[in-house]
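As structure tokens, the structure follows; a few thoughts come after it.
The values are calculated or read from the model by the stated rules, or taken from the named source; none is laboratory data. Quick caveat, the model's predicted, so the values are computed rather than measured. A quick note on method: Cβ atoms are made from the backbone with ideal geometry, for glycine too, and the neighbour counts reach across all protein chains shown.
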Amino acid sequence: MKITLVSMDPVIRGLLGWDSKTEDVYQVQGDTIADFFKVVKDKDGKSFYDRVEEDDGIISNIYMFYNFLAFLKKEDLGRRMEDGDKIVLMRSLGGCGAG
């Protein structure tokens, strides 16, 4: 199935090696968000799934949306996906908490 990954964030785009694009379509053999993140690799070849499992500093500050529904927990990685779905990655904004 084909899944679209979108990010407007310059740090995430740099991590992915996206110099001038904001989205890409990935061919995924599995049917879960975890399977998708095993296919998505950073510019050094490390999968986003591995980064999530390691609580990577950049990844731990990312908000992930699946078809515009927020998912933030590792348990959500088992959610089933369908052909044509979309994942959007955004970083949290520092200083935007309650005050």
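For region 25-34, a tally of residues being crowded, with 17+ Cβ neighbours inside 10 Å and either in contact with a Pro (Cβ under 9 Å, 6 or more places away or on another chain) or modelled with pLDDT of 95 or more (or both) returns 1. If only residues of region 1-10 that are in contact with a strand residue (DSSP E or B) (Cβ under 6 Å, 6 or more places away or on another chain) and aliphatic (A, V, I, L, M) are counted, the one that is farthest from residue 86 (Cα to Cα) is 6.
For region 1-24, give me the residue count where each residue is among the acidic types (Asp, Glu) and either touching a Gly at 6+ places or on another chain (Cβ under 7 Å) or exposed (fewer than 12 other Cβ atoms within 10 Å of the Cβ) (or both). Qualifying residue count for the region: 1. Screening region 56-80 for residues that are modelled with pLDDT under 75 and within 15 Å of residue 15 (Cα to Cα) and picking the one that is surrounded by the most Cβ atoms within 10 Å (Cβ to Cβ) gives 59. Within region 1-15, residues that are closer than 19 Å to residue 67 by Cα reach partners that are part of a helix (DSSP H, G or I) with beta carbons closer than 7 Å, at six or more positions or on different chains, in the pairs 3/36; 7/13. Taking interchain pairs and intrachain pairs at least six residues apart, which have beta carbon atoms under 8 angstrom, with the first residue in region 56-80 and outside any strand (DSSP E or B) and the second at pLDDT 80 or above and surrounded by fewer than 14 Cβ atoms within 10 Å (Cβ to Cβ)? Pairs that qualify, where the first residue is outside any strand (DSSP E or B) and the partner is at pLDDT 80 or above and surrounded by fewer than 14 Cβ atoms within 10 Å (Cβ to Cβ), are 58/11.
If you check 42, 50, 31, 19 for being in contact (Cβ under 8 Å) with a residue 40 or more places away in the chain and either over 20 Å from residue 80 (Cβ atoms) or more than 11 Å from the chain's Cα centre (by Cα) (or both), only one passes: 31.
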